[in-house]
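Trainee: Just dropping this structure here.
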Amino acid sequence: MDIEQLREYILSLPHVTEDMPFGDDCIVFRISGKIFACLSLTGDKHVAIKLSPDRNNELRAEYSDIEPAWHWNKKHWSDIHYERSLPDSLVKSLLSESHNLVFSSLPKRIRESLQSKISPIY
């Protein structure tokens, strides 16, 4: 998976917006203003994602290409080195998991408002 494929996948998740609040070296992805992923545009190819502390520990023990996020709370955030040996399916699954974690932590009225904006597929 390359950086453009990764970005396209993240933007395909429901209700995602992107911005660059920290400068030109990373893209931040949000749901209703809450960050769930931060894609590095410089250096080593990685994306920081938010997961539960237990899940982060489990993944770090199993995969050498998943490590504590450099500039984030290391308990809740991991760097996923997506261009190394990780399967694309795992990277996508972890991005979806991060998205779902942050979405489920939004206040109920915001979740319901966002869900009502999903267009039915005919």
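Trainee: Return the total of residues in the range 77-122 being free of Cβ contacts under 8 Å to residues at least 12 places away in the same chain, under 19 Å from Ile35 (Cα atoms) and not charged (D, E, K, R).
Mentor: Adding up the residues that qualify gives 6.
Trainee: Considering the range 40-79 alone, what residues qualify as being among the polar types (S, T, N, Q), part of a loop (DSSP other than H, G, I, E, B) and open to solvent by less than 60 Å² (accessible area, probe 1.4 Å)?
Mentor: Of everything in the range 40-79, just one residue is among the polar types (S, T, N, Q), part of a loop (DSSP other than H, G, I, E, B) and open to solvent by less than 60 Å² (accessible area, probe 1.4 Å), namely Ser52.
Trainee: Here is a further query. What pairs come up if the first residue lies in the range 62-76 and is over 22 Å from Phe22 (Cβ atoms), the second is among the hydroxyl-bearing types (Ser, Thr, Tyr) and part of a loop (DSSP other than H, G, I, E, B), and their beta carbons are under 7 Å apart, counting only those six or more places apart or on different chains?
Mentor: That search, which allows pairs on different chains as well, returns Asp65/Ser85.
Trainee: Taking the criterion of being at pLDDT 95 or above and either surrounded by fewer than 17 Cβ atoms within 10 Å (Cβ to Cβ) or of a type in the set (Val, Ile, Thr) (or both), would at least one residue in the range 102-113 satisfy it?
Mentor: Looking for residues that are at pLDDT 95 or above and either surrounded by fewer than 17 Cβ atoms within 10 Å (Cβ to Cβ) or of a type in the set (Val, Ile, Thr) (or both), one finds at least one in the range 102-113, hence yes.
Trainee: Among the residues that make up the range 18-38, is at least one of them hydroxyl-bearing (Ser, Thr, Tyr), surrounded by 13 or more Cβ atoms within 10 Å (Cβ to Cβ) and touching a Cys at 6+ places or on another chain (Cβ under 8 Å)?
Mentor: For the range 18-38, residues hydroxyl-bearing (Ser, Thr, Tyr), surrounded by 13 or more Cβ atoms within 10 Å (Cβ to Cβ) and touching a Cys at 6+ places or on another chain (Cβ under 8 Å): absent.
The values are calculated or read from the model by the stated rules, or taken from the named source; none is laboratory data. Given the structure is predicted, the values throughout are model-derived calculations rather than measurements. Quick reminder, even Gly has a Cβ in these numbers, built from the backbone with ideal geometry, and neighbours come from all protein chains shown. Remember, those area values only see protein heavy atoms, side chains included, never the ligands or the DNA or RNA. Shrake-Rupley method; radii C 1.70, N 1.55, O 1.52, S 1.80 Å.
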